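The values are calculated or read from the model by the stated rules, or taken from the named source; none is laboratory data. Given the structure is predicted, the values throughout are model-derived calculations rather than measurements. A quick note on method: Cβ atoms are made from the backbone with ideal geometry, for glycine too, and the neighbour counts reach across all protein chains shown.
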Amino acid sequence: PEKSKPEANNNKDTSDDSKLDPASSDFDPKFAIYSDKDVEGAKEEAKPFNDIEECIKAFNTERREMKNQDNAEIIAGAGPVKYERCFAPEQMMVPTNRGKKFRDVTVRMEAFRTGPLGQLREWKEEKVRVKVWTRALDQIRGYAIGFVAAFDKHWNLALTDVDEQFQRRRTRNTWCPDRKLKRKYLPSDLPIEYKVGTSTIRIVRIKGKFEVCVRHVPQVLLRGEHVVMVAKAP
């Protein structure tokens, strides 16, 4: 038998009510927006919107007002609103004690008591000048004489009050501070001095294709891979 019209209308109203109920599996947001009926559980003070565009515009306006309010509080000196997450006691960080004390280079130097590094530590404590030979790619580059300020197991050395002598290959165009290129220096031109940074380099001797230079620097750091030998300065 066919259903009567009142029963069909009742079934339609029931279906519409389920579409307006957020707790129902049949809830239809789009139908709820364009429906003339109120959504189940909606607050009376909630502002209704005619379409989705008005709803998005209202959200953007509210967000802009909140941002302006935060900026006004910053200008007034109150500071921005701080949003902090609340943690349960069992979620807080667990206080721990560091198992080992941090050992910097000064602490590690004290650990060297024997061997070559132990001797280097004694020279450092006694403030003895040492002579360090350095190497180039395939030969001895020169040496540096100074006081040891710090060192490590890789023979990286920090020296102070350093007098350095080194040799370098002669160039046809010699660099000078005024950025002009000059002819190759000859033995008759010696001695020659020019300043680079805070140190003054002095060319004292010419040996074939190489020239011997000396300079004094307040402090210098030598990498361990460039150190050939370390001895007590005469």
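A residue that is in a strand (DSSP E or B), at pLDDT 80 or above and closer than 30 Å to V230 by Cβ cannot be found anywhere in segment 91-112. Flag: R183 matches the condition of being at pLDDT below 90 and of a type outside the set (F, W, Y). Residues in segment 108-117 that are without any contact (Cβ under 8 Å) to a residue 60 or more places away in the chain and either touching a His at 6+ places or on another chain (Cβ under 8 Å) or under 16 Å from H154 (Cβ atoms) (or both): R108, M109, A111, F112, G115, L117.
For residues that are surrounded by fewer than 16 Cβ atoms within 10 Å (Cβ to Cβ) and touching a Phe, Trp or Tyr at 6+ places or on another chain (Cβ under 6 Å), scanning just segment 141-164, find the one that is nearest to R223 (Cα to Cα). By that ranking, first place goes to T160. Scanning segment 14-38 for residues that are in a loop (DSSP other than H, G, I, E, B), more than 56 Å from the chain's Cα centre (by Cα) and surrounded by 12 or more Cβ atoms within 10 Å (Cβ to Cβ) yields S35, K37, D38. Picking from residues in segment 122-139 that are touching a Phe, Trp or Tyr at 6+ places or on another chain (Cβ under 9 Å) and free of Cβ contacts under 8 Å to residues at least 24 places away in the same chain, the one that is farthest from H226 (Cα to Cα) is K127.
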